[in-house]
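Below: one structure, written as structure tokens.
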Amino acid sequence: FIPIKWKFSAFFFQFLAQAIAPAAQEQSRPLFLELLCRSLIILCVVLSVVLSSVAVCDGHWLLSDQRMFGLWYSCVVEDSGAAPNCSRNVGEGLDPGLSVCRSLVSLAVVSAIFGLELLVISQVSEGRASSNRWRFGSWLILLAACLSAGGILIFLVLFWKHVTPLGFTLTFCCQFTAAFLFFLNGLAARHIQNMADLLPSSGDLGKL
């Protein structure tokens, strides 16, 4: 009777192990994919912050008729190769609007930096605190996208008479790309957090 009992126990534990193993594998896949997606989101946000910072610091966004219009200066470019003559006074009553544009794009960079910090910190914390940091960081990234898009729109409205398809500089393209990436990554961060909330079996957030 005792050998039969031991055989039955061994068979039961073997059956239980075979039943649990596929479930553990299924749970590990969402954790790996979630970690990969969060890592890619953070990496893309870092790239967006760098692009936006370069665009704001350089500030030369538009070339038109030997004039360069930017966030900080308006320059006259000569064909002789001489140094451009720059002035902070743009004229045409555009200075107040340009100040608003500078403020928006600068605040966009600040918001994105704080959002990125929260996204990174969320990966080294656990539980509800990690989820709250990730959620708040994603909202800050979306706020950065809105501020950046608002600054670009104001700049285009101010210099609409001088806008040409080939007049935009590389730094303007960097700012436009950064605003687009802020928007995409903010939405992706919100979406992946909502998916994590709907799947409690996925466990705590993965760690970078």
**Fill in**
Leu156 fails exactly one of (1) touching a helix residue (DSSP H, G or I) at 6+ places or on another chain (Cβ under 7 Å); (2) in a helix (DSSP H, G or I); (3) under 29 Å from Gly70 (Cα atoms), namely (1)
**Complete:** Residue hits (the stretch 136-174; polar (S, T, N, Q) and more than 15 Å from Val49 (Cα to Cα)) are Thr164, Thr169
**Message:** Suppose the filter is of a type outside the set (Asp, Glu), over 27 Å from Gly186 (Cα atoms) and crowded, with 16+ Cβ neighbours inside 10 Å; does Leu158 pass it?
**Reply:** yes
**Prompt:** Can you tell me which residues in the stretch 55-70 are within 22 Å of Cys146 (Cβ to Cβ) and exposed (fewer than 15 other Cβ atoms within 10 Å of the Cβ)?
**Reply:** Cys57
**Asked** Got a sec? Which of Thr164, Thr171 is farther than 17 Å from Leu47 by Cα and touching a strand residue (DSSP E or B) at 6+ places or on another chain (Cβ under 7 Å)?
**Response** Thr164
**Request:** Considering every residue within the stretch 21-43, establish whether at least one is part of a loop (DSSP other than H, G, I, E, B), at pLDDT below 80 and among the charged types (D, E, K, R).
**Result:** no
**Answer from Gly186, Gly137, Gly150 - the residue that is more than 15 Å from the chain's Cα centre (by Cα) and either closer than 24 Å to Val109 by Cα or at pLDDT below 90 (or both)** = Gly150
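The values are calculated or read from the model by the stated rules, or taken from the named source; none is laboratory data. Note that the coordinates shown come from a computational prediction; the quantities given were computed from them, not determined experimentally. Every residue, glycine among them, receives a Cβ derived from its backbone with ideal geometry; neighbour counts consider all protein chains shown.
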